[in-house]
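Notes for the one structure printed next.
The values are calculated or read from the model by the stated rules, or taken from the named source; none is laboratory data. Since the structure is predicted, the reported quantities are computational estimates derived from the model, not experimental observations. Cβ: placed from backbone, ideal geometry, glycine included. Neighbour counts: every protein chain shown. For the accessible areas, the whole protein counts, side chains as well, though only heavy atoms, and no ligand, DNA or RNA atoms are used. Shrake-Rupley method; radii C 1.70, N 1.55, O 1.52, S 1.80 Å.
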Amino acid sequence: MTELLSGVISGWQLQTSLELMATLMALSYTVLAIRHSLWCWPAAFVSTVLTLQIMLQSQLFTDALLQLYYAGMAIYGWLNWQRLTKQSHGVPQIVNEWGLWPHLKLIAATSAVGLLMGYLMASYTDTDFAYLGSQISCFAVVSTWLVAKKVLSNWLYWVVIDAASIYMYLQKDLYFFSALFVIYTVIAAVGYLAWRSSYQLQQSNKSGICVSG
């Protein structure tokens, strides 16, 4: 009994330590992204590696798959932000924005994929929160891509994603992650305001903003 209790405590301490380290790196990523710092992507990569282990231990398989995607996007984001900075003659604050119609199409398509993924996860795995987790994962995939593309509205997507994640992680007793996503919700709103300011400044200076839609 003593050995079992000791093992449980050791396991809890290890997971809590991983949560804390992943949380700190994830926060670093978000703050650095708001500041247009290229170093947000290495921070994201480290956070992803740590989070992957936690998601597997917690049987949140859709989130585990999401972490593999994040690792790839961290590499892509690093390369793409470097390219965008070169194209803007060394100005890292370059921000893009889409029109309403492309966003509506993206939301509809992502929701449909999320429903299909949720059905498959609920039918063929024992994952918890199959539908909610699938929607969060699908929209996080899209939103991360929007960050890498420096699309302004990515932050509005993240506000919704983060709020939904708070509920899911609380239900799994992942308190560091729950606290992280409370902070994320606020930071996403701040990020939107900061990037919108950069976007508006670019427009006023006629610095080659790309608007599609």
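Assorted remarks:
- Between TRP39 and GLN203, the C-beta separation translates, for a Förster distance of 30 Å, into a calculated FRET efficiency of about 0.65.
- Paired Rg and Dmax values of region 113-201, which use every Cα atom, in angstrom: 14.6, 50
- The Cα trace of region 58-213 gives Rg and Dmax of 16.9, 54 Å, the first to one decimal, the second as a whole number.
- Max mean-square fluctuation residue, GNM over the chain, Cα-Cα springs under 10 Å, options GLN59, GLN135, GLN67: GLN59
- Dimensionless Rg ratio for region 130-169, taking C-alpha atoms and the 2.2 N^0.38 Å reference: 1.13
- Nonlocal amide H pairs with ASN96, under 5 Å, H built at 1.01 Å: VAL151, LEU152
- Counting Lys and Arg as +1 and Asp and Glu as -1 over every other residue whose Cβ lies under 15 Å from the Cβ of ASP126, the net charge comes to -1.
- Carbon and sulfur %, accessible surface of the chain computed with the full protein complex present, 1.4 Å: 70 percent
- The slack between THR85 and ILE107, meaning 0.36 nm per residue of separation minus the straight C-alpha distance, is 5.1 nm.
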